[in-house]
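The values are calculated or read from the model by the stated rules, or taken from the named source; none is laboratory data. Source: prediction; values computed, not measured. Don't worry about glycine lacking a Cβ; one is built from the backbone with ideal geometry, like all the others, and counts go over all protein chains shown.
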Amino acid sequence: MPDHRDLQLFTERLHLRPLRADDAQALFGIHSDPAFTRYWSSAPWTELAQAQQLIEQDQLDLARGEHVRLGLVRRADDALLGTCTLYKIHDGNRRAELGYGLGPRHWGQGYAREAVAALLDWGFGPLNLHRVEADIDPENEASAQLLTRLGFQLEGRLRERWIVAGQVSDSAMYGLLAREWQALRARASG
């Protein structure tokens, strides 16, 4: 598996890079916000150590090529806005799962779409993925709209799949194939 600790992606407004130790406070601020974790797979964080542990674990996982979590850093001011991730990377089937999260102050500004599109370009390009999957809470309409705009198709619903902080929720499962992403990108540039 390749080492992804040096991966850097750039968009018009964002720099996507592995998380660093000095991102811990900003990451904690995002993950401790109940608005952020409303549709997340964990309860709000309560200690800075949770952010520090995630960053340390990410460095190990990036080195092993097991997943790629990148911080979304605004180029204008170097502020960490959130993260996007390709995880459960399966080389044999050329498949991965997609995750993303943006601090609530930055919702509705197109940052998630910009970052996820860059990560998908890399995933379907140099990483040579065939398929990317996303699991979201069906009540998260903004996330469903984002995935649909990026070409994902709703493939099913898994009932009562998550229990987070006592809340039971379903999963809406979305999928995107490399050929669908390439066709979408060709239409956008043509």
Members of segment 131-144 found to be surrounded by 15 or more Cβ atoms within 10 Å (Cβ to Cβ) and either over 13 Å from ARG113 (Cβ atoms) or free of Cβ contacts under 8 Å to residues at least 40 places away in the same chain (or both), listed by number: ARG131, VAL132, GLU133, ALA134, ASP135, ILE136, ASP137, PRO138, ASN140, ALA144
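The rows are residues; the columns are (1) modelled with pLDDT of 95 or more; (2) on the phi < 0 side of the Ramachandran plot; (3) hydrophobic (A, V, I, L, M, F, W, C); (4) surrounded by 13 or more Cβ atoms within 10 Å (Cβ to Cβ).
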site	(1), (2), (3), (4)
CYS84	yes, yes, yes, yes
LEU98	yes, yes, yes, yes
HIS106	yes, yes, no, yes
ALA118	yes, yes, yes, yes
LEU146	yes, yes, yes, yes
ARG149	yes, yes, no, no
LEU177	yes, yes, yes, yes
ARG187	no, yes, no, no
Residues of segment 16-33 satisfying the condition of being buried (at least 17 other Cβ atoms within 10 Å of the Cβ) and either within 13 Å of ASP78 (Cα to Cα) or not hydrophobic (A, V, I, L, M, F, W, C) (or both): LEU16, ARG17, PRO18, LEU19, ASP23, ALA26, HIS31, SER32
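How many of the residues in segment 151-173 are crowded, with 17+ Cβ neighbours inside 10 Å and part of a strand (DSSP E or B)?
Start the filter on segment 151-173 by keeping residues that are crowded, with 17+ Cβ neighbours inside 10 Å, which leaves 151-152, 169, 171-173.
With the extra rule that they be part of a strand (DSSP E or B), the set shrinks to 169, 171-173.
Of the residues in that region, 4 qualify.
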So LEU48, is it among the hydrophobic types (A, V, I, L, M, F, W, C), closer than 28 Å to ALA165 by Cα and surrounded by fewer than 19 Cβ atoms within 10 Å (Cβ to Cβ): yes
Sole exception among (1) in a helix (DSSP H, G or I); (2) farther than 26 Å from ALA26 by Cβ for LEU176, by number: (1)
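Hey, among the residues in segment 120-144 that are among the charged types (D, E, K, R) and assigned to a helix (DSSP H, G or I), which one's modelled with the highest pLDDT? Give the derivation first.
First, the residues of segment 120-144 that are among the charged types (D, E, K, R): 121, 131, 133, 135, 137, 139, 141.
Right, trim to assigned to a helix (DSSP H, G or I) and you get 121, 141.
Values: ASP121: 98, GLU141: 94.
Here the answer is ASP121.
Quick one: is ARG75 under 26 Å from ARG20 (Cβ atoms) and loosely packed, with under 14 Cβ neighbours inside 10 Å? Explain how you work it out, then say what you get.
Numbers: under 26 Å from ARG20 (Cβ atoms): yes; loosely packed, with under 14 Cβ neighbours inside 10 Å: yes.
It is true that ARG75 is under 26 Å from ARG20 (Cβ atoms) and loosely packed, with under 14 Cβ neighbours inside 10 Å.
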Cross-chain or 6+ apart pairs with Cβ under 6 Å, segment 152-179 first and without any contact (Cβ under 8 Å) to a residue 40 or more places away in the chain and of a type outside the set (D, E, K, R), then loosely packed, with under 15 Cβ neighbours inside 10 Å and assigned to a strand (DSSP E or B): VAL168/GLU160; SER171/LEU158; ALA172/ARG157
